[in-house]
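**Q** Mind having a look at this structure? Questions to follow.
The values are calculated or read from the model by the stated rules, or taken from the named source; none is laboratory data. The structure displayed is predicted, hence computed values, not measured ones. FYI the Cβ positions are ideal-geometry reconstructions off the backbone, even for glycines, and counts take in every protein chain you see. Only protein heavy atoms, including side chains, enter the accessible area calculation; ligands, DNA and RNA are left aside. Shrake-Rupley method; radii C 1.70, N 1.55, O 1.52, S 1.80 Å.
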Amino acid sequence: MNILIIPGVTMPTVDEALLARIHEAAGPGAQIRIADTPGEAIEAMEDVEVVLGVITPAMFARARRLRWVHAITSGADAYLFPEMVASDVLLSGDKGLVGTHLADHTFAHLLALTRRLARAVQDGPRSWEHRVAYRAEEFELEGCTMGIVGFGGTGRAIARRAVGFGMRCIAVDCDPVPPTVEVPEVWGSDRLAELFRTAAVVTSGLPLTPHT
């Protein structure tokens, strides 16, 4: 088996422990190559059977033996170019791989909004003079209801953080996914409008597809 690993934002390096696990899973005789640049990835594609990382149309055009692409990104939209979609190459991904990263980023944005940080940064040294006006616009997350649309790995990571802020969580998903301690009941998509009516804050954990 010929495997090509392409590091990216979510997997910037490939350490010896990871390589050992891949060798063990691939079995005897597997050849593993790491492409550090797009040019190296394109050059290697002709004999590659498995790609761990992002594949581009230019890479795909050189593939002759490709059977499987395992994504390391938060969504699959970048992989769904026409040639890939029309092929019989298997596409899979790490469920929840980037959930922690995206959940942290969600709360970075949320707190920037609720604490009016952008205005304070813009006002610079004069922000202290406007603290009363800021306070009139700010609101606390504690006691608010967060609506989570799409309750996969990212949605679950967001819910864990929300509960830490004293929030109540509700979630909808198009699939019958299991609930968690933070979200005891996951609603179906038919209750999306109810979620919007109920939640003070809404976050999306959906993949980017034509449907979503």
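**Q** Give the residues of segment 63-96 that are under 23 Å from the mean Cα position of the chain (by Cα), of a type in the set (A, V, I, L, M, F, W, C) and either within 30 Å of GLY143 (Cβ to Cβ) or open to solvent by 80 Å² or more (accessible area, probe 1.4 Å) (or both), sorted by residue number.
**A** If the condition is that a residue be under 23 Å from the mean Cα position of the chain (by Cα), of a type in the set (A, V, I, L, M, F, W, C) and either within 30 Å of GLY143 (Cβ to Cβ) or open to solvent by 80 Å² or more (accessible area, probe 1.4 Å) (or both), then TRP68, LEU80, VAL85, LEU90 are the ones that fit.
**Q** Moving on. Go through the residues of segment 79-94 one by one and say whether even a single one is under 21 Å from ARG160 (Cα atoms) and of a type in the set (D, E, K, R).
**A** Yes, segment 79-94 contains at least one residue that is under 21 Å from ARG160 (Cα atoms) and of a type in the set (D, E, K, R).
**Q** In segment 156-166, which residues are farther than 23 Å from THR10 by Cβ and either out of contact with any Asp or Glu (no Cβ under 7 Å at 6 or more places or on another chain) or loosely packed, with under 13 Cβ neighbours inside 10 Å (or both)?
**A** GLY164, GLY166
**Q** Now, a different point. Which of the residues belonging to segment 98-126 are of a type in the set (A, V, I, L, M, F, W, C) and open to solvent by less than 80 Å² (accessible area, probe 1.4 Å)?
**A** VAL98, LEU102, ALA103, PHE107, ALA108, LEU110, LEU111, ALA112, ALA118, ALA120
**Q** Restrict the check to segment 132-155 and report whether at least one residue is of a type in the set (Val, Ile, Thr), more than 27 Å from ILE72 (Cα to Cα), modelled with pLDDT under 95 and open to solvent by 50 Å² or more (accessible area, probe 1.4 Å).
**A** Within segment 132-155 (the criterion being of a type in the set (Val, Ile, Thr), more than 27 Å from ILE72 (Cα to Cα), modelled with pLDDT under 95 and open to solvent by 50 Å² or more (accessible area, probe 1.4 Å)), the answer is yes, since at least one residue qualifies.
**Q** What about ARG67, is it of a type outside the set (S, T, N, Q) and at pLDDT 95 or above?
**A** Yes: the conditions hold for ARG67.
**Q** Further question on the same structure: Could you list, ordered by first residue, the pairs with Cβ atoms under 9 Å in which the first is in segment 48-66 and in contact (Cβ under 8 Å) with a residue 60 or more places away in the chain and the second is part of a helix (DSSP H, G or I) and of a type outside the set (Val, Ile, Thr), at least 6 apart or interchain?
**A** Between residues of segment 48-66 that are in contact (Cβ under 8 Å) with a residue 60 or more places away in the chain and residues that are part of a helix (DSSP H, G or I) and of a type outside the set (Val, Ile, Thr), the close pairs are ARG65/GLU46; ARG65/ASP47.
**Q** For segment 29-62, give me the residue count where each residue is open to solvent by 70 Å² or more (accessible area, probe 1.4 Å), closer than 14 Å to ASN2 by Cβ and not basic (Lys, Arg).
**A** Here the count works out to 4.
**Q** Against the definition (at positive phi and out of contact with any strand residue (DSSP E or B) (no Cβ under 7 Å at 6 or more places or on another chain)), how does GLY99 come out, yes or no?
**A** The answer is no for GLY99.
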